[in-house]
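The values are calculated or read from the model by the stated rules, or taken from the named source; none is laboratory data. All figures in this text were calculated on a predicted structure; none of them were measured in a lab. Note that each Cβ is placed from the backbone with ideal geometry, even for glycine, and that neighbours are counted across all protein chains shown. Heavy atoms of the whole protein, side chains included, go into the accessibility calculation; ligands, DNA and RNA do not. Shrake-Rupley method; radii C 1.70, N 1.55, O 1.52, S 1.80 Å.
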Amino acid sequence: MAETLATNVRACHFDAAAVANDGVAVSPYAVSRIFGPDGSTAEEAEVAELGRAMSSETAVTLTQMMERVVTEGTGRGAAVPGVRESGKCGTST
């Protein structure tokens, strides 16, 4: 029997995060910084690089394609004026 190494959600995060991070995948985290009562940084997450998932050139191309989903495609309804956004259509393997 095969062993599951990643869930679909984790695999999608890995790919999408790598696209947004110049092709480099990083370990996911929920909180990036915790502030103390005086507003200073009390704790900051260490971001661990997991490796290069794709070349920088591929990441740029995918970013441009994903931005067009929001500006020209099925994600137009999610567009926020003045905010650079990317999206993905529902069909992907």
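How much FRET efficiency would the formula 1/(1 + (r/R0)^6) give for residue 42 and residue 89, where r is the Cβ-Cβ distance and R0 is 35 Å, rounded to 0.05? If you can, show how the numbers build up before the last one.
Working: r = 41 Å, r/R0 = 1.17.
Once rounded, the FRET efficiency stands at 0.30.
Could you give the length gained on full extension between residue 50 and residue 32, defined as 0.36 nm per residue of separation minus the Cα-Cα distance, in nm? Walk me through the numbers before you get to the answer.
Details: separation 18, 0.36 × 18 = 6.48 nm, distance 1.70 nm.
Using 0.36 nm per residue and subtracting the Cα-Cα distance, I get 4.8 nm.
What does the accessible area of residue 38 come to, in Å² to the nearest 10, when a probe of 1.4 Å is used?
Near enough 120 Å² of accessible area.
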